[in-house]
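Written below as structure tokens is the structure these notes are about.
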Amino acid sequence: MKKCYDFDQYVDRKHSHAEKWNNMVSAGAKENDYSILSMSIADMEFRCADEILNALEEPIKNGVIGYDCPSEEFFSSFIKWQKEKNGWDIKKEWIVPVPGVVPGIANTVLTNTEKNDAVIINSPVYPPFFDVINMNSRTLVENVLIEREKDYIIDFDDFEKKIKENNVKVAILCSPHNPVGRVWTKDELERYGKICLDNNVLIISDEIHSDLILKGYTHTPIATISEKLLQNTVTLTAPSKTFNIAGLAQSVAIIPNKQIRERFINGLIGHGICHMASFAVVGFIAAYTYGKEWFEQCMKYIESNIDFAIDFIEKEIPKVKVKRPQATFLLWLDLSSIDMEHEQLDQYLINEGKLLLNSGITYGNSADKFFRMNIACNREMLTDALNRLKNAIDKLN
Ligand SMILES: Cc1ncc(COP(=O)(O)O)c(C=O)c1O
């Protein structure tokens, strides 16, 4: 019989070290204001699968938390998962463990570009993409997504033009896209890939959200489209979002191209970030080996939360516009109908509405007046958050 996981259960993270609940002051909240509800940072409020938690107890039971290395199971569990999910046959030697997707992106940028070289992104996009480029003295080139009634698309003419004009060396693709929730189609990825290949642009494909695909959509890893793209792509992914284990900081880079892979490994060694934490290794293996049932039930819960939230917003808060995402547990809310400066509105929601969302402006200037809401929590918390948003907006009338 299948085990039934309880996603209605409340887990108190307010009194833990969780960034989502303890980093509110930097967003503008008053110190120790526990009345603010956080729907920000992209981890889930759900308890992890017992199968993973039990495995994490093993190093403690053993009594020695020493240096770990990626065992055979580390590779085989990941290869099997990718084969099942994406039909991708990944060779073991392509896989390089890395302590986080963002460190993997930074390492790829650093080992494939020189100072001032241009790197292109499709904004609005996950804020660390900006930091990785700016903080490493590379030149940021933004290709802004085009908004349509039901979704967003890439402005390919602008993408190609900016690549040529700026002599772009690397493109960072977010696939699926955070925050707009697009699952790029094979056609779109082919076009994106062709432009990059034609212009000698290396692709970094951040596929950390690629398991969180909602019904009706299919994820295609861009590297699987052709042999040329396989050789021209560094794919980064992790069990972090899928199984709610981001705190383990264990990700992988998939790098079929030998030269790029060697540069990547040397970059990790050069920065001294090639060790793996014991908990990260056992958690990673347990997640990909035993986490499937938890994950499938979790996705059903998330899907119903998305339906519930969109229905609520459309009926109760018509001033807020939202499109149904195709992936992720994130809603991208358009509050442009509210006549208030972004900063002021952000502070109003936090300190008057008692609701913390991710401020859109951090995803790029084009996202002024947008806010990101994480709906991976129990229904009671989600209902509370939606009511807070409604009350805050109603009060402005
Ligand atoms: C698109 C994207 N990439 C990377 C990350 C974080 O990856 P990591 O914690 O492995 O560095 C996130 C987390 O929200 C994300 O949304």
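Key figures for this structure:
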quantity: Search result, residues across segment 29-52 that are closer than 21 Å to residue 386 by Cα, away from the ligand (no atom under 16 Å from the Cβ) and of a type in the set (A, V, I, L, M); calculated: 29, 36, 37
quantity: Boolean, residue 55 is assigned by TED's automatic domain parsing to the domain that holds residue 330 and either more than 16 Å from the ligand (Cβ to nearest atom) or under 30 Å from residue 331 (Cβ atoms) (or both); calculated: no
quantity: Positions within segment 308-323 being β-branched (Val, Ile, Thr) and under 19 Å from residue 361 (Cβ atoms), in sequence order; calculated: 320, 322
quantity: Those residues of segment 142-175 which are farther than 28 Å from residue 324 by Cα and either within 14 Å of the ligand (Cβ to nearest atom) or hydrophobic (A, V, I, L, M, F, W, C) (or both), in sequence order; calculated: 163, 168, 170
quantity: Within segment 220-243, considering residues that are of a type in the set (A, V, I, L, M) and under 24 Å from residue 376 (Cβ atoms), the one nearest to the ligand (Cβ to nearest atom); calculated: 238
quantity: Residue ID - farthest from the ligand (Cβ to nearest atom), chosen from residues in segment 176-219 that are of a type in the set (D, E, K, R) and over 22 Å from residue 251 (Cβ atoms); calculated: 198
quantity: Residue count for segment 290-318, restricted to those that are crowded, with 16+ Cβ neighbours inside 10 Å and not aliphatic (A, V, I, L, M); calculated: 10
quantity: Subset tally (residues that are closer than 17 Å to residue 366 by Cα and assigned to a loop (DSSP other than H, G, I, E, B)) for segment 324-338; calculated: 4
quantity: Breaking point among (1) in contact with a helix residue (DSSP H, G or I) (Cβ under 7 Å, 6 or more places away or on another chain); (2) among the small types (Gly, Ala, Ser); (3) part of a helix (DSSP H, G or I), for residue 366; calculated: (1)
quantity: Pairs, first of a type in the set (S, T, N, Q) in segment 28-41, second in a loop (DSSP other than H, G, I, E, B) and within 16 Å of the ligand (Cβ to nearest atom), C-beta under 8 Å, six or more apart; calculated: 40/357
quantity: Exclusive hit being in a loop (DSSP other than H, G, I, E, B), assigned by TED's automatic domain parsing to the domain that holds residue 348 and either of a type in the set (Phe, Trp, Tyr) or out of contact with any helix residue (DSSP H, G or I) (no Cβ under 8 Å at 6 or more places or on another chain) (or both), set 26, 35; calculated: 35
quantity: Of residues in segment 35-62 being of a type in the set (Ser, Thr, Tyr) and crowded, with 19+ Cβ neighbours inside 10 Å, the one farthest from residue 212 (Cα to Cα); calculated: 38
quantity: Selection from segment 126-184 of residues that are exposed (fewer than 15 other Cβ atoms within 10 Å of the Cβ), at positive phi and not polar (S, T, N, Q); calculated: none
quantity: Residues located in segment 247-295, provided they are under 20 Å from the mean Cα position of the chain (by Cα) and of a type in the set (Lys, Arg); calculated: 292
quantity: Scan of segment 260-289 for residues that are buried (at least 17 other Cβ atoms within 10 Å of the Cβ) and polar (S, T, N, Q), ordered by number; calculated: 278, 289
quantity: Top-ranked residue of segment 244-259 - restricted to ones that are away from the ligand (no atom under 13 Å from the Cβ) and not in a loop (DSSP other than H, G, I, E, B), ranked as surrounded by the most Cβ atoms within 10 Å (Cβ to Cβ); calculated: 254
quantity: Residue within segment 58-76 that is within 16 Å of the ligand (Cβ to nearest atom) and without any contact (Cβ under 8 Å) to a residue 40 or more places away in the chain present; calculated: no
quantity: Residue within segment 370-385 that is part of a strand (DSSP E or B) and more than 17 Å from the chain's Cα centre (by Cα) present; calculated: yes
quantity: Matching residues in segment 315-356 - criterion: being more than 16 Å from the ligand (Cβ to nearest atom), in contact (Cβ under 8 Å) with a residue 40 or more places away in the chain and more than 17 Å from residue 397 (Cβ to Cβ); calculated: 323, 324, 333, 346, 347, 350, 351, 354, 355
quantity: Candidates 119, 132, filtered to the one that is within 14 Å of the ligand (Cβ to nearest atom) and of a type in the set (A, V, I, L, M, F, W, C); calculated: 132
quantity: Residue under evaluation residue 280, criteria (1) assigned to a loop (DSSP other than H, G, I, E, B); (2) within 16 Å of the ligand (Cβ to nearest atom), criterion not met; calculated: (1)
quantity: Selected residue (criterion: farthest from residue 104 (Cα to Cα)) from residues of segment 133-152 that are in a strand (DSSP E or B) and not hydroxyl-bearing (Ser, Thr, Tyr); calculated: 147
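The values are calculated or read from the model by the stated rules, or taken from the named source; none is laboratory data. What you are looking at is a predicted structure, and each value in this text was computed from that prediction instead of being measured. All Cβ positions, glycine included, derive from the backbone under ideal geometry; neighbour counts span all protein chains shown.
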